[in-house]
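**Q** Questions regarding the structure given below will be posed in turn.
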Amino acid sequence: MNPKILYLLPYFGVAGTEIHTLELAKFLKDDYQILVVAPYGKGINLLKENDISYKEIIPLTFANIRRYKKILKCIIEEFDPNIIHVHGAHELVYISKSIAPNIPVIFTCHGYATFLPFIDYKISAFINKRWGDKVIAVSNYEKENLIKAGLPIDKITLIYNGISETLEKRELPIKLEGFIIGTAARLTKSKGIRYLIEAFSYLYDKYRGINLVIIGDGEEREKLEESAKKLNVKDRTFFLGALPNARFYFRDFHIFVLPSLFEALGIVILEAISQKVPVIATNIGGIPEIIEDGKTGLLVPPKDSLTLARAMEKLIKNKELREYLGEEGNKRYKERFTLEAMVIKTKEVYKVLLDCSN
């Protein structure tokens, strides 16, 4: 019988952490029995479409810790996993170990989109040093931060996010003519979409054929729509909401922009470069491990709408540069960020823990 892996997440929308987990589960389910445990979210339908087993759990809060642990304990006892693999919430490492101390627990650190991330890294390092069996960092940036925060180097493994290549293309749900600048992100402050809208406003009058397409949803959506209205660009700024398999629409974009303020790596950037879409992104977190400025994309400082606008204009005017960045970005994806590489390295981590527990 194949070993059992329980994936435990604090949420399941359609953003980077969930896409990472979905991709892993899809390509490991032939070798392992996979169960995803998470609160209900928009990404759950993707699990169903790919025939991945799922158990719903309540969202964890300070007020319901006992109830959460009781539900999780029942799930663990019923499924009887060989490994618990936690994604994106280090507190779940402690909770898992308190329920099942003899089951190995892996934690994948997907970064911390907070304004005091060093505190999160400190807490994560403390919890995983004491209760985690192995930590996977999705970028060297994450790895170095956790080591600086006190996590022993022998507990951490660098495994870059990887995605599968796809040739599928879908038409956008709206018909647009002209140049399309696109992005896809959870609409939170940390994604910096307000700076993209501001940058777009600088180019709006000069390039009358340009459009801005924003895929994603979140608590900032209303404010962002109001910002587009105030900047008089609402008529060519299109909020499409959260779309499952958003990357299938990326080939409609002439350029892809991710103006994040925090980013462990950026799966959505990988999705763009895997389809040869030229990328502009901020020079933060693990993004420079994907984007080499002027070679595999363009990098700009965070919170700098004017510099972002200049980079966007550079690509609007230069088709040859767009094609070059698209080709070189795609080469970088194939060299370092394929799903096959991520799956092989993850299986190696599982094998070590399974061998130790037998």
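**Q** Among the residues of region 299-336, which ones are of a type in the set (A, V, I, L, M, F, W, C) and closer than 29 Å to Leu146 by Cβ?
**A** Of region 299-336, the ones of a type in the set (A, V, I, L, M, F, W, C) are 299-300, 306, 308-309, 311-312, 315-316, 321, 325.
Across region 299-336, the qualifying residues are Leu299, Val300.
**Q** A follow-up question, please. In region 27-42, how many are without any contact (Cβ under 8 Å) to a residue 60 or more places away in the chain and not β-branched (Val, Ile, Thr)? Give the steps one after another, and end with the answer.
**A** First, the residues of region 27-42 that are without any contact (Cβ under 8 Å) to a residue 60 or more places away in the chain: 29-30, 33-41.
Narrowing the set further to residues that are not β-branched (Val, Ile, Thr) leaves 29-30, 33, 35, 38-41.
Total satisfying the criteria: 8.
**Q** While we're here: Using the structure shown, decide if Ala272 is in contact (Cβ under 8 Å) with a residue 60 or more places away in the chain, closer than 21 Å to Ile215 by Cβ and in a helix (DSSP H, G or I).
**A** Working: in contact (Cβ under 8 Å) with a residue 60 or more places away in the chain: no; closer than 21 Å to Ile215 by Cβ: yes; in a helix (DSSP H, G or I): yes.
The answer is no for Ala272.
**Q** Which one of Ile287, Ile316 is buried (at least 21 other Cβ atoms within 10 Å of the Cβ) and farther than 29 Å from Lys29 by Cα?
**A** Numbers: Ile316 fails: buried (at least 21 other Cβ atoms within 10 Å of the Cβ).
The conditions single out Ile287.
**Q** Residues being of a type in the set (D, E, K, R) and closer than 23 Å to Ile95 by Cα: count how many of those fall in region 19-74. Before the answer, list the steps.
**A** Within region 19-74, the first condition is being of a type in the set (D, E, K, R), and the residues that meet it are 23, 26, 29-31, 42, 48-49, 51, 55-56, 66-67, 69-70, 73.
Of the ones still in play, those that are also closer than 23 Å to Ile95 by Cα are 55-56, 66-67, 69-70, 73.
Going through region 19-74 one residue at a time, the tally reaches 7.
**Q** Looking only at region 1-40, which residues are among the polar types (S, T, N, Q) and under 25 Å from Gly286 (Cα atoms)? Break it down into steps so the answer makes sense when it comes.
**A** So the first thing to find is which residues in region 1-40 are among the polar types (S, T, N, Q), and the list is 2, 17, 21, 33.
Once the filter is applied, which keeps residues that are among the polar types (S, T, N, Q) and under 25 Å from Gly286 (Cα atoms), region 1-40 yields Thr17, Thr21.
**Q** Answer yes if at least one residue in region 252-265 is part of a helix (DSSP H, G or I), in the same structural domain as Leu325 (by TED's automatic domain parsing) and crowded, with 23+ Cβ neighbours inside 10 Å, and no otherwise.
**A** Looking only at region 252-265, we keep the residues that are part of a helix (DSSP H, G or I), and these are 252.
With the extra rule that they be in the same structural domain as Leu325 (by TED's automatic domain parsing), the set shrinks to 252.
Among the residues that remain, those that are also crowded, with 23+ Cβ neighbours inside 10 Å are: none.
Within region 252-265, none of the residues are part of a helix (DSSP H, G or I), in the same structural domain as Leu325 (by TED's automatic domain parsing) and crowded, with 23+ Cβ neighbours inside 10 Å.
**Q** I'm trying to understand the selection: among the residues of region 156-177, which are surrounded by 11 or more Cβ atoms within 10 Å (Cβ to Cβ) and more than 20 Å from Arg247 (Cβ to Cβ)?
**A** Hits for region 156-177 are Ile156, Thr157, Leu158, Ile159.
**Q** On to the next question. Which one of these is under 22 Å from Glu328 (Cα atoms) and in contact with a helix residue (DSSP H, G or I) (Cβ under 8 Å, 6 or more places away or on another chain): Lys276, Lys223? Before you say what the answer is, go through the steps one by one.
**A** Working: Lys223 fails: under 22 Å from Glu328 (Cα atoms).
Of Lys276, Lys223, the one residue that is under 22 Å from Glu328 (Cα atoms) and in contact with a helix residue (DSSP H, G or I) (Cβ under 8 Å, 6 or more places away or on another chain) is Lys276.
**Q** Within region 90-111, can you find the residues that are more than 19 Å from the chain's Cα centre (by Cα) and among the aromatic types (Phe, Trp, Tyr)?
**A** Tyr94
**Q** Ok, one more. What's the total number of residues in region 303-326 that are without any contact (Cβ under 8 Å) to a residue 60 or more places away in the chain and within 24 Å of the chain's Cα centre (by Cα)? Step through it out loud before you land on a result.
**A** Residues of region 303-326 that are without any contact (Cβ under 8 Å) to a residue 60 or more places away in the chain, as a first pass: 307, 310-311, 314, 317-321, 323-326.
Now narrow it down to the ones that are within 24 Å of the chain's Cα centre (by Cα): 311, 325-326.
Looking only at that region, the number is 3.
For every residue, the table says whether it meets (1) under 20 Å from the mean Cα position of the chain (by Cα); (2) more than 29 Å from Ala264 (Cβ to Cβ); (3) hydrophobic (A, V, I, L, M, F, W, C).
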position	(1), (2), (3)
Asp154	no, no, no
Tyr160	yes, no, no
Glu171	no, yes, no
Phe179	no, yes, yes
Leu187	yes, no, yes
Gly192	yes, no, no
Glu198	no, no, no
Asp205	no, yes, no
Lys230	no, yes, no
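The values are calculated or read from the model by the stated rules, or taken from the named source; none is laboratory data. Owing to the predicted nature of the structure, the values given are computational and were not obtained by experimental measurement. Note that we place each Cβ from the backbone using ideal geometry, even for glycine, and neighbour counts take in every protein chain shown.
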